[in-house]
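To keep things clear, I will list the structure first and then write my remarks on it.
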Amino acid sequence: MSLWRDADFVKLWTGQTVSQVGSVVTRTALPLVALIVLGAGPMEMALLVVASSAGVLLVGLVAGVWVDRLRRRPLLIASDIVRAALLFAIPVAYALGALRLELLYLVAFLVASLSTLFRSAYYAYLPSLVGPDRVLEGNSRIATSESIAEVGGPGLAGGLVQLITAPFAILVDAFSFVVSAASLALIRAPEPPRPARSERRPLLQELSEGVATVHRHALLLPMTGSSVTNHFFGSFYASLYALFLLNDLGLSPFLLGIVISAGGVGSLVGSVLATRTTRRFGIGPAVVGCALASSAFGILTPLATGPLVVATLISAAAESAHAAD
């Protein structure tokens, strides 16, 4: 039976699809709150990226170990509710004239932390909902929704910023988390109880064992190193990207969203070509080649110049090619 006929999976899929669109809107709109509303400069934009990255790093280290000890669905629902409340705080503070950069840093850190915890719990929860033999199909359905969100979400965010201002655009994501929490709460299938642990070891001990396993693994270690390096230097790019396109190239928030949406299109094309590429060249060469190509195409972004139309097209081409890799 297709997963589309599984009412509980459809509820999960619907909530996650709405939530993915909302999250892409916030990812685009939150830097615009700092830039347009609060007049943030390069240092403030960098701190916003640091706050978000710190949440991913700190929680990512312990999320898997912690999730393994708890029931997953209540954790997923609680994460959605708290993230909704945190995001509601931004437009409320703006309406009251009390919005500050410090609030953005705090919200960025806490939302990133809870999102990391949510992802860990979600990947552990899905097999118990659809069965281990249908996890690949379930993840494929969710991945398709993510690709659609990446294509349409940034343009929606840019349009909302111009229509109702950046702080109120974030309300879309806040409501999307409410929808996600409701969809999870409506699932009827009971979550299997966590198996009894024969040995209760300290969390830090389990964490150190995981780190040691990665360190000894011939593939996991270089892949982790590549991911860390990419994220570290990618943070430079993320800190300055909106500043460059808005202040230097003169793009409007809507055009910025369209440029970022081009990255979603590139990512979708890349996912379609991924299987064919790995079959032809092998997984290792494909990974290395794509990483090198991604770096090369990234050079196009600082080369964007000229009239607004030309700068927008070059930026969109760079974003699309970079994401496709």
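Leaving ligands, DNA and RNA out of it, report the carbon-plus-sulfur percent of the accessible area of the chain at a 1.4 Å probe. Write out the running numbers ahead of the final one.
Working: 11900 of 16920 Å².
Answer for the chain is 70 percent, counting heavy atoms of protein chains only.
Leaving ligands and nucleic acids out of the surface, order M45, M223 by accessible area at 1.4 Å, largest first. Intermediate results must be reported in sequence, preceding the final value.
Values: M45 5, M223 120 Å².
From most accessible down to least: M223, M45.
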Practice prompt. Quick one: dipole size for the chain, taken about the Cα centre, charges +1 on Lys/Arg Cβ and -1 on Asp/Glu Cβ, in debye to the nearest 20.
Written response: 820 debye
Worksheet entry | Descending principal axes extents, the stretch 1-66, alpha-carbon based, whole Å | 53, 32, 12
Response to the item:
The answer for the chain, accessible area per residue at 1.4 Å probe in Å², is 52 Å²
Worksheet entry | With at most 10 other Cβ atoms within 10 Å, longest stretch of the chain clear of loop trypsin sites (Lys or Arg not before Pro) (DSSP) | 201-325
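Compactness ratio of the stretch 102-191: Cα Rg over 2.2 N^0.38 Å, N = residue count? Don't skip to the answer; put the middle values down first.
Numbers: Rg = 15.8 Å, N = 90, 2.2 N^0.38 = 12.2 Å.
In units of the globular-protein estimate, the stretch 102-191 measures up at 1.30.
So for the stretch 219-325, Kirkwood radius off the Cα pairs, Stokes-Einstein at 10 °C and 1.306 mPa s: how many µm² s⁻¹? Working shown, then result.
Values: Rh = 14.8 Å.
Once the numbers are plugged in, D ends up at 107 µm²/s.
Using a 1.4 angstrom probe on the protein heavy atoms only, line up D173, D68, D248 by accessible area, largest first.
Values: D173 5, D68 65, D248 110 Å².
In descending accessible area the options line up as D248, D68, D173.
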Worksheet item: So what is the relative contact order of the chain, in percent, for Cα pairs below 8 Å that sit 6 or more residues apart?
Response: 27 percent
Worksheet item: Semi-axes of the chain's equivalent ellipsoid from the Cα gyration tensor, sqrt of 5 times each eigenvalue, largest first, rounded to whole Å?
Response: 32, 25, 21
Worksheet item: What list of ³J(HN,Hα) couplings, whole Hz, do you get for the stretch 180-191 from phi and the Karplus terms 6.51, -1.76, 1.60, once you set θ to phi - 60° and write x for glycine and proline?
Response: 4, 4, 5, 5, 5, 5, 7, 5, 8, 5, x, 7
Worksheet item: Tell me, what ³J(HN,Hα) does each residue in the stretch 279-291 have, in order and in whole Hz, if you take phi through Karplus 6.51 cos²θ - 1.76 cosθ + 1.60 with θ = phi - 60° and put x for Gly and Pro?
Response: 5, 7, 10, x, 5, x, x, 5, 5, 5, x, 5, 5
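On a 1.4 Å probe surface of the protein chains, which of S2, S315 comes out largest in accessible area, and what is the full order?
On the way: S2 45, S315 0 Å².
Final ranking, largest accessible area leading: S2, S315.
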Response to the item:
So, relative contact order of the stretch 30-124 in percent, Cα under 8 Å, 6 or more apart, is 49 percent
Practice prompt. Rounded, prolate or oblate: pick one for the stretch 1-110, where a ≥ b ≥ c are the square roots of the eigenvalues of its C-alpha gyration tensor, a/c under 1.5 means rounded, and failing that, prolate if a/b is larger than b/c, else oblate.
Written response: prolate
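The values are calculated or read from the model by the stated rules, or taken from the named source; none is laboratory data. What you are looking at is a predicted structure, and each value in this text was computed from that prediction instead of being measured. All Cβ positions, glycine included, derive from the backbone under ideal geometry; neighbour counts span all protein chains shown. These accessible areas exclude ligands, DNA and RNA; they are computed on the full protein's heavy atoms, side chains included. Shrake-Rupley method; radii C 1.70, N 1.55, O 1.52, S 1.80 Å.
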